[in-house]
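> Submitted below is the structure of interest, expressed as structure tokens.
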4 protein chains.
Amino acid sequence: MAGNSFGNLFKLTTFGESHGRALGGVIDGCPAGIELDFDAIQRELDRRKPGQSAIVTQRKEPDAVEFYSGIFEGKTTGTPIGFAIHNTNQKSKDYSHIKDSYRPSHADYVYDQKYGFRDYRGGGRSSARETASRVVAGAIAKQFLKEIKITAYVSAVGDLKLDTPYTELNFSEIEKNPVRCADAQMAAQMESYIKDIRKQGDTVGGVITCVAENVPIGLGEPVFDKLHAEIGKAMLSINAVKGFEYGSGFAGCAMKGSEHNDQYNSDGTTKTNYSGGIQGGISNGMDIYFNVAFKPVATIIQPYETIDKEGNPVTTQGKGRHDPCVVPRAVPIVEAMMALVLADYTLLNRTIKI
Amino acid sequence: MAGNSFGNLFKLTTFGESHGRALGGVIDGCPAGIELDFDAIQRELDRRKPGQSAIVTQRKEPDAVEFYSGIFEGKTTGTPIGFAIHNTNQKSKDYSHIKDSYRPSHADYVYDQKYGFRDYRGGGRSSARETASRVVAGAIAKQFLKEIKITAYVSAVGDLKLDTPYTELNFSEIEKNPVRCADAQMAAQMESYIKDIRKQGDTVGGVITCVAENVPIGLGEPVFDKLHAEIGKAMLSINAVKGFEYGSGFAGCAMKGSEHNDQYNSDGTTKTNYSGGIQGGISNGMDIYFNVAFKPVATIIQPYETIDKEGNPVTTQGKGRHDPCVVPRAVPIVEAMMALVLADYTLLNRTIKI
Amino acid sequence: MAGNSFGNLFKLTTFGESHGRALGGVIDGCPAGIELDFDAIQRELDRRKPGQSAIVTQRKEPDAVEFYSGIFEGKTTGTPIGFAIHNTNQKSKDYSHIKDSYRPSHADYVYDQKYGFRDYRGGGRSSARETASRVVAGAIAKQFLKEIKITAYVSAVGDLKLDTPYTELNFSEIEKNPVRCADAQMAAQMESYIKDIRKQGDTVGGVITCVAENVPIGLGEPVFDKLHAEIGKAMLSINAVKGFEYGSGFAGCAMKGSEHNDQYNSDGTTKTNYSGGIQGGISNGMDIYFNVAFKPVATIIQPYETIDKEGNPVTTQGKGRHDPCVVPRAVPIVEAMMALVLADYTLLNRTIKI
Amino acid sequence: MAGNSFGNLFKLTTFGESHGRALGGVIDGCPAGIELDFDAIQRELDRRKPGQSAIVTQRKEPDAVEFYSGIFEGKTTGTPIGFAIHNTNQKSKDYSHIKDSYRPSHADYVYDQKYGFRDYRGGGRSSARETASRVVAGAIAKQFLKEIKITAYVSAVGDLKLDTPYTELNFSEIEKNPVRCADAQMAAQMESYIKDIRKQGDTVGGVITCVAENVPIGLGEPVFDKLHAEIGKAMLSINAVKGFEYGSGFAGCAMKGSEHNDQYNSDGTTKTNYSGGIQGGISNGMDIYFNVAFKPVATIIQPYETIDKEGNPVTTQGKGRHDPCVVPRAVPIVEAMMALVLADYTLLNRTIKI
């Protein structure tokens, strides 16, 4: 209820603040019998972790996950998987610029208003550090969903947009560049642009595209829990996300039905895929693809004006080691959330027929 | 679980197929003591109902709601509100074009694949007729949320886009034209365009913008149940929706942090509102605004090619009375879903402090 | 949340007040493809309905159920099953003895305190009339659970106790007597006793025993949703229930482990069944059996003293047509709730392994 | 869904196996602003921990809880409280008597059948060690429910029954004896009896009575989530529980309505309290009291016959350090579960009126 759980049957509950003792979670409902590849889980965490390249925050956090339960002799047991990632980098810092005033477009102000006070260290619960727990759970969900291939990549940074349809891209490019763009040339431009932005102490937004291939037909529960509605919620729950569209998306609004309708082949596949792999909220076996819009990170390393708790104007200075652009590190988070949705809906779909 | 409920504390469960005996729902958790304005509820249904203008489907459905429970002496009692809308227009029709073949970009195929068979009459459960129940519940939610003003309007039809920011529009225009566009001149163009589309037997998509004013600070539950994540899910659960963005949305991705950050005034309001009234998933007291993208309706009154259940190619002909463009009738649905989210999150927010 | 839903995957939501327009419910998550026997559903309702014998209330309510959705060509479709039972017997009555004062051991007082006011007609939502909706849903659950046989019977009325173990009873006796006792001789005594009680204008409590045979191994979710915990909750949610015990129950507390442990046969069955078919919260394939304690109905047809809304003492007189002993009519309700639990847990159990 | 969470708004999710690395949980929805008394939390754990007296298991487990999140400057922040209790006593043991055969009346067999395999060390997830996490959460719930006093005590061990009504007992006796019986003399008899049982390598069951004083009027959600239904489920979810009754309980079945009805005083309190503080599922302000039946522990230190995985008969020997009678250590667990229910229902009750 308090919003720290995701999923119905394959369910993740997370806990932890940015600079608390540990963050982690509980995965309840993970089916018994999955032989876990722990290296693969750590690799996903490494894709998200700080300090992995010159264009992301230079904080040092090893993000090593410890599993406490739910696994026996290398396999999931069907009981809840408890895990923790200890914060090793909690040096006693100067938080005065955060503690007593509200950073613009951050959650500082609303947390104080909602709860009466807040753990201000590093943004507390509102920090994207929480998403490390999602990546752990998503990595396990991926191992449950062996047949399905989920691939996310950066398709825009600021004004730099990769307009090539995903079907014409070579996904093996993605992990070869620090931006995680699926086109090498565009990646180079984006990287250079992000470096410029960082030098300015500024930040910039971007877009991540995600594709799920080999999704079975039938996932999605009408009417409120349409598959794309749940995917949308999953994506919108990631820090800094401002928008979601799937299939033809916003551009599809300008099309006519006679153009937009996807004609069937005799095997039930469709000749086009404006539907984005989902019809009436239910997967139709075609690729599911969608875009997720991320705003520019609010923390800028520039002087800025704001107010303190009493509403007095104050001028302060952003500091610390922050991401100039969040999308390169958000790629594994998008994949993780997509994996969680598909794992959950796979289980739900087992229950709908006699 | 099976996806026919929405909300946590203020919870709507709907039932009903397009051409079944009745559709309706149960509103559980509606607080006791609301003096209901039944005319206002019916007015919302009338805004959604077929046949209200020349640019919507000409089907005749009175959409009169009967309340069965949860109301006593004109006030909600705190017990579940059961209601039904009887289908009066279930003439025995020729459904052969739907029964034995799959309409492209409809839910026909996936329902058959998921459940093994389907109620094909009028689209069954996948029909947008289900949203009448949402409008009933939303109308009651609005009456609970007396202080909040929720306004939706059509901001695009095909290529015709109303680019004026909502703050410069006169909302009293909206209900004066059949398109429900907030600008009279643009409304006239849209109306004319929809009439053309209808003559072609074709359909077109559009965008609805929604604004919630006077939302209290503090609504929204970190981390998975961020306010905008739940609003996004609510909108994406409406038939034909392909995308959702709030605040600066997709356009915000191209901005820099130094431009995008909303500076505070001394009273905690912000000078700009790129955040769209929500920061860190929690309402900050500024207007909440968002866009919802609708694809063109799949049913076109033209011959089309498709497959039958055995995968044989068939040519068939769309028929019946359908909407050439769904957005005019979807305006009250968007408002209703927004009201449901805000009612639910208002109740949730009562439970978070000692 | 507001407590009008039961179940996780096979989920019933009910609505309706005793003397409102209709009561009914929505069954969400009922698997697609069940060929419904509508006569069997009505037969269950008839077992619960008033006026069926001389020892139950003589009210006349036909309790005919109308299905609105979720069924097509006689089969469940996987979409929500909406249904209603219209109240035909809502004559304008004299409610003054209920309206202005609080009947002892009824819910009148607490409803007023909780909600601020109440629908006092016939007890409103707190009336056991609500259980008619449970019987409808339970009857459908039974049809889903074809292999499982659920049998309930009256095992005590007042001091009259049937101590014979269920294994030595002939269940075909149950429906042959109006008490629904599984022993003809005891049934006669009980019937006679209830008639005496009725003559006194008094009421008496009783116990219902329920047995589920042929339950598959593996139903039940550790740790909070143990099978017997959910069955217990289901039973305790029935009006007038004061206690629940399964297997050896309260008597088992006095036993030693060496006596109480159920030894295994080579096929995994056990030689004794003190466990009541459930070990560690999970069904083990043996019969599940349990007892449900019902208090005497609070409504007595005698003068009684109580208070009015202002706390003034008043003397009033019970009237109307009420049950002198609730257990004969509660037998199908106990079975219905058991069927709902087993249907739900059958679906849950499909999701726990890869 | 998978059964490892309890509560709606004040929600505990637990993880951990008996001999895994750690057990623990996440408390989500705990209101912000509770100043935590950490010593009080540890005291509750100490009441449950092994080795506390001569009549409980002599295992050594310090059961020290570490909090990872949700607390800042000594107060709850409204974000999830993650915690862990590391297992320090996981010596590599000889588990052959558990691993390859099924202990009678344990969960060994059903876990293997349900999940395909199991973590057999110390009973894995089915061990009552899991309840340590409940005690942590319950201790925090108690601190939220400052005004309410929850007291549990042992009222029966084997045939030794304390028949004195709770109103005539001196609760200050409870923690003075190792049995946690509220009567010194009876405590001495019970202690002596448990010692005898232990010498025999046998076990015995018992009953715990629990009383909640000063509960506000209005807690409980009709119709399925009646307060006593949720309390019943909470209790039945505790290991070894076989029955639950509240107020007059099973004995009340033999009473007449005219005796059983609780007459009102002018202030809304009642002269008697057969209702057990709950009417129509809603607390009425009187004391809530109930009994919980515990079976004898299944692990006996005697030779016993059983089957192995292939169904072959085997004779084996119980070993290890086990409780001869579980009720002394279960007293704080019963209190913890009661506190969780009352905390949850207190929050729910904030949402039911305008």
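> Which whole-Hz couplings ³J(HN,Hα) result when phi for each residue of the stretch C:51-68 is put into the Karplus expression 6.51 cos²θ - 1.76 cosθ + 1.60, θ = phi - 60°, listed in order with x for Gly and Pro?
These are the phi-based 3J(HN,Hα) values: x, 7, 7, 6, 9, 10, 4, 9, 4, 10, 9, x, 6, 8, 8, 10, 9, 9 Hz.
> List the distances, in nm and shortest first, from the label point of C:T88 to the matching label points in every other copy, placing each point 7 Å from Cα along the Cα-to-Cβ direction.
So the distances to the same position in the other copies read 2.5, 7.2, 7.6 nm.
> For peptide A:17-23, compute the average count of partner chain beta-carbon atoms within 10 Å of each residue's beta-carbon.
Neighbouring Cβ atoms belonging to other protein chains average 5 per residue here.
> Based on alpha-carbon centroids, what's the gap between the stretch C:2-78 and the stretch D:228-265 in Å, whole number please?
28
> Let me ask you something else. Residues with amide H under 5 Å of C:A22's amide H, sequence separation 5 or more or different chain, H placed in the peptide plane at 1.01 Å from N; which?
Answer set, sorted by chain and number: C:E17, C:N87.
> Shape verdict for the stretch C:190-238, please, from the Cα gyration tensor: rounded (a/c under 1.5), prolate (a/b greater than b/c) or oblate.
In terms of gyration-tensor shape, oblate.
> Here is a follow-up. Determine the calculated [θ] at 222 nm for chain A from helices alone, applying -39500 (n - 2.57) to every DSSP H run no shorter than 4 residues and normalising by the residue count; nearest 500 deg cm²/dmol.
-8000 deg cm²/dmol
> With springs only between Cα atoms under 10 Å apart, run a GNM on chain B and tell me which of B:K256, B:K271, B:K226 wobbles the most.
Comparing B:K256, B:K271, B:K226 in a Gaussian network model of chain B, the most mobile one is B:K256.
> For peptide C:123-135, compute the average count of partner chain beta-carbon atoms within 10 Å of each residue's beta-carbon. Spell out each step's value before the answer.
Details: counts 1, 6, 10, 8, 2, 1, 0, 6, 1, 0, 2, 2, 0.
Across C:123-135, the average partner-chain Cβ count within 10 Å equals 3.
> Within 10 Å of each residue's Cβ, count the other Cβ atoms and sort A:D159, C:D262, D:D37 from fewest upward. Working shown, then result.
Numbers: A:D159 10, C:D262 22, D:D37 14.
The most exposed by this proxy come first: A:D159, D:D37, C:D262.
> I need the helices of chain C that pass two filters: whole DSSP H segments spanning 15 Å or more by Cα along the axis, and mean Kyte-Doolittle score no lower than 0.0.
Details: long enough: C:38-48 (16 Å, -1.33); C:131-144 (20 Å, 0.65); C:184-199 (23 Å, -0.64); C:327-348 (32 Å, 1.40).
Those that clear 15 Å and a mean of 0.0 are C:131-144, C:327-348.
> Name the long-range amide H neighbours of D:K353: under 5 Å, sequence gap of 5 or more, or other chain; modelled H, no Pro or chain starts.
Correct list: B:A32.
> So, one more: Please list, ordered by chain and number, the residues whose modelled amide H lies under 5 Å from the amide H of B:I282; skip anything fewer than 5 residues away on the same chain.
The list, which skips near neighbours in sequence, is B:L227.
> Next question. Nearest 0.05, what FRET efficiency do C:K353 and A:F171 give at R0 = 30 Å with Cβ-Cβ as r?
So the FRET efficiency works out to roughly 0.45.
> How far, in nm to one decimal, is C:E310 from itself in the other copies if the label point is set 7 angstrom along Cα toward Cβ? Shortest first, please.
5.3, 8.2, 8.4
> Turning to a different aspect of this structure: At 7 angstrom along the Cα-to-beta-carbon line, where would the label on B:T164 sit relative to the other copies? Give the distances in nm, shortest first.
4.3, 8.2, 8.4
> Using each residue's phi in the stretch B:288-305, evaluate 6.51 cos²θ - 1.76 cosθ + 1.60 at θ = phi - 60° and report the 3J(HN,Hα) Karplus result to the nearest Hz, with x for Gly and Pro.
Using θ = phi - 60°, the values come out as 9, 9, 7, 10, 10, 9, 10, 6, x, 3, 6, 7, 10, 8, 9, x, 8, 9 Hz.
> Now a separate question. Using only atoms on other chains, find how many Cβ atoms lie within 10 Å of each Cβ of peptide C:283-296 and report the average. Intermediate values should be presented prior to the final figure.
Numbers: counts 3, 6, 3, 0, 0, 0, 0, 2, 3, 2, 10, 2, 12, 12.
Across the residues of C:283-296, the mean count of other-chain Cβ atoms within 10 Å is 4.
> Okay, next question. Please rank B:D183, B:D28, fewest neighbouring Cβ atoms within 10 Å first, as an exposure proxy.
On the way: B:D183 22, B:D28 27.
Listing B:D183, B:D28 from fewest to most nearby Cβ atoms yields B:D183, B:D28.
> What do you get for GluC sites (Glu not before Pro) in the stretch D:31-73 restricted to DSSP loop and a cutoff of at most 16 other Cβ within 10 Å of the site's Cβ?
Values: sites: D:E35, D:E44, D:E66, D:E73; in loops: D:E73.
Those that pass, being in a loop and sparsely packed, are D:E73.
> Dipole of the stretch B:5-351 (Lys/Arg Cβ +1, Asp/Glu Cβ -1, origin at the Cα centre): which of B:H97, B:A188, B:I71 lies farthest to the positive side?
B:H97
> With +1 on each Lys and Arg Cβ and -1 on each Asp and Glu Cβ, and nothing else charged, work out how big the dipole of the stretch C:5-351 is about its Cα centre, in Debye to the nearest 20. Write out the running numbers ahead of the final one.
On the way: 39 positive and 42 negative charges, 187 e Å.
Dipole magnitude for the stretch C:5-351 comes out near 900 debye.
> Distance check, please: which entries in B:K49/B:K75; A:K99/D:K75; D:K11/D:K60; B:K149/B:K176; B:K233/B:K271; A:K256/B:K161 exceed 21 angstrom between their Cα atoms?
Details: B:K49/B:K75 26 Å; A:K99/D:K75 17 Å; D:K11/D:K60 29 Å; B:K149/B:K176 18 Å; B:K233/B:K271 29 Å; A:K256/B:K161 15 Å.
Long pairs (Cα-Cα over 21 Å): B:K49/B:K75; D:K11/D:K60; B:K233/B:K271.
> Further question: If you place +1 on the Cβ of every Lys and Arg, -1 on the Cβ of every Asp and Glu, and leave all else neutral, what size is the dipole of the stretch A:145-211 about its Cα centre, to the nearest 20 Debye? Please list the in-between numbers first.
Working: 8 positive and 10 negative charges, 49 e Å.
For this selection, approximately 240 debye.
> Still on this structure, please answer the following. Axis carrying B onto D: which residue of B has the nearest Cβ, and how far, whole Å?
Taking Cβ atoms only, the nearest residue and its distance are B:R350, 2.
None of the figures in this text is laboratory data; all of them are computed from the coordinates on show. Remember, predicted model here, so these are calculated numbers, not experimental data. Glycine also receives a Cβ, built like all others from the backbone with ideal geometry; neighbour counts cover every protein chain displayed.
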